[in-house]
1. Does the range A:141-171 hold any residues that are more than 7 Å from every other protein chain (Cβ to nearest Cβ) and of a type in the set (A, V, I, L, M, F, W, C), and which are they?
2. Working only within the range B:14-35, note down all residues that are within 12 Å of DNA strand C (Cβ to nearest atom), among the hydrophobic types (A, V, I, L, M, F, W, C) and out of contact with any Ser or Thr (no Cβ under 7 Å at 6 or more places or on another chain).
3. Tell me, which strands (runs of 3 or more DSSP E) wholly within the range A:173-258 include 1 or more residues that are crowded, with 23+ Cβ neighbours inside 10 Å and in contact with a strand residue (DSSP E or B) (Cβ under 7 Å, 6 or more places away or on another chain)?
4. Name the single residue, out of those in the range A:66-87 being at pLDDT below 70 and buried (at least 19 other Cβ atoms within 10 Å of the Cβ), that is farthest from the other protein chains (Cβ to nearest Cβ).
5. Check the range B:143-161 and report whether any residue there is in a helix (DSSP H, G or I) and either open to solvent by 10 Å² or more (accessible area, probe 1.4 Å) or without any contact (Cβ under 8 Å) to a residue 24 or more places away in the chain (or both).
6. With the requirement that a residue be open to solvent by 10 Å² or more (accessible area, probe 1.4 Å), within 12 Å of chain B (Cβ to nearest Cβ) and of a type outside the set (S, T, N, Q), what does the range A:95-108 give you?
7. Anything in the range A:110-133 that is at the interface with chain B (Cβ under 8 Å from one of its Cβ atoms) and buried (at least 19 other Cβ atoms within 10 Å of the Cβ)? List them, or say none.
8. Within the range B:36-51, which residues are hydroxyl-bearing (Ser, Thr, Tyr) and either within 12 Å of DNA strand C (Cβ to nearest atom) or assigned to a helix (DSSP H, G or I) (or both)?
Protein chains: 2
Amino acid sequence: MIQLLAEERRHRIVDFLQQRGSAQVPELAGMLRVSEMTIRRDLRQLECSGLLRRTHGGAVANDRLLAETPYRAKRHEHVRQKQAIARAAVDLIKPGESIILDAGSTTYFIAMLLRNRPPDGLTVVTNDICILNELSDCPLLTVIGTGGTVQQGVYSMVGSHAENFFRTIRADRAFVGAHAVDMEIGLMSPNPEKASIKALVCAAANNTHLVVDSSKFGIGSLVEVRRLNQFTSVITDNDLAADRKEALERQGVRLVCV
Amino acid sequence: MIQLLAEERRHRIVDFLQQRGSAQVPELAGMLRVSEMTIRRDLRQLECSGLLRRTHGGAVANDRLLAETPYRAKRHEHVRQKQAIARAAVDLIKPGESIILDAGSTTYFIAMLLRNRPPDGLTVVTNDICILNELSDCPLLTVIGTGGTVQQGVYSMVGSHAENFFRTIRADRAFVGAHAVDMEIGLMSPNPEKASIKALVCAAANNTHLVVDSSKFGIGSLVEVRRLNQFTSVITDNDLAADRKEALERQGVRLVCV
DNA sequence: GGCCATTTGTTCGATTTTGTCCATTTGCTG
DNA sequence: CAGCAAATGGACAAAATCGAACAAATGGCC
């Protein structure tokens, strides 16, 4: 057999994947009589065209992929740190309290812990749709959604409805996530809506806890939200550089590293 | 076959759990010919995606995906009818309108249709968490959640927050679902919270459409919500008995059968 | 045939995944 | 509630996979 045309080869890869669901690079290389490198190049190109999804060792058909939106993918970054932070956060919660969970992946981990082992009589308030979704069949929790306009692809509710909601409640604790923590300015947010919500969340709670993994420190963003020493505590992981820890503690930040 | 692709392996874990309900680490390791450590890593990742729940020694299927909470199970009853009703409902929507989707399985089908082919500039208001979840990464829609207390296992938000929300808005159309439609009294609801919400949803819209499959007619429930002839239209399926159709039309109900 | 653009193959260091060992935690049992 | 076996997850090692860079081959075109 002579060499197939490149286009024909790629077509066969897609067909194979449609039929079998997944394929490995060596498998395809052997079947199509080309090198593995060529297969990898084909897969890369086909992925760009949206015809399949690459994985380590091969590729899977689009519909066989365990669904993951860009937002949800964030949950797989710094998982260890976020889980440790979430555990520390949950330890602060006492039975009968009411807490606010800000939208975000770290707070999502807090929600997952609460779902499995909820303290008695806990009330959870959140503007995160994924958290709402996870907690809404949990029999031991009272769960309250804030309402508001859904931010496209971010699974959180913001805007005037959400803001007014937070203006009318008072909770024992708020757990706030972060995308950016400037070492001097403190918590920052990429857009005014989120910034506004986070500020109101803090204002609505007697105790405020910033839950943020160490990779977010030293990153600036657009809108100033709150200085770190205004939080009841800042919970982060031990990978935070020692000089940064010192700098924050000099500012009077109550830092908890886990 | 040598070794499974990682993604494929995780897929099989999920499938296995869907079928059997639970699995142990050694069991999975043996079945998939990998070490137990790898299985644990897979389980950890899958737990992050919300596809299962870890336990000591293994994992159990996410009861939400498996045991089909009563709510989700409803999506699999009368699917044909509900889809047809949803299509008819979507045909009523004009570009630029704002609509309210009540919580329920038929309105969920409407949401899925909107997700795939949204009319220009549509605004969707809903108190259904599943609908929020599905629509929140849809770039062509403006989506607004009402807020409110989450009803356990029903994926909808009710209570004073949700009620106040509906008191402050006005939409072009509302699509209301039903569990029970008494032939004389009309739309009924099993509990006062839901009844209250449905009434307010109707009051907040210029046009109201009851979307309900024929199996719900002739079933009574606790709380009276609204007479059928007060709806702009009642959309149901053709399996509705002829004598019932006549009875309703005699009452002045604008009935649409699909 | 000769030339050029494109595609394919090869090598090798970097990256990712998987396996093994071991300290610690967990849940059961007496 | 102490003791124990099983399970867990961290750390590191081993293996597989990837991709960049460059060399070789292919195909079209004159």
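1. A:Leu141, A:Val154, A:Val158, A:Ala162, A:Phe166, A:Ile169, A:Ala171
2. Hits for the range B:14-35 are B:Val25, B:Leu28, B:Leu32, B:Val34.
3. Output list reads A:180-182, A:186-189, A:205-211, A:223-226, A:233-236.
4. Here the answer is A:Tyr71.
5. Within the range B:143-161, one or more residues are in a helix (DSSP H, G or I) and either open to solvent by 10 Å² or more (accessible area, probe 1.4 Å) or without any contact (Cβ under 8 Å) to a residue 24 or more places away in the chain (or both).
6. A:Ala103 - this is the single residue of the range A:95-108 that is open to solvent by 10 Å² or more (accessible area, probe 1.4 Å), within 12 Å of chain B (Cβ to nearest Cβ) and of a type outside the set (S, T, N, Q).
7. Once the filter is applied, which keeps residues that are at the interface with chain B (Cβ under 8 Å from one of its Cβ atoms) and buried (at least 19 other Cβ atoms within 10 Å of the Cβ), the range A:110-133 yields A:Met112, A:Ile129, A:Cys130, A:Leu132, A:Asn133.
8. Across the range B:36-51, the qualifying residue is only B:Thr38.
The values are calculated or read from the model by the stated rules, or taken from the named source; none is laboratory data. All figures in this text were calculated on a predicted structure; none of them were measured in a lab. FYI the Cβ positions are ideal-geometry reconstructions off the backbone, even for glycines, and counts take in every protein chain you see. The accessibility values were calculated without ligands, DNA or RNA, using every heavy atom of the protein model including side chains. Shrake-Rupley method; radii C 1.70, N 1.55, O 1.52, S 1.80 Å.
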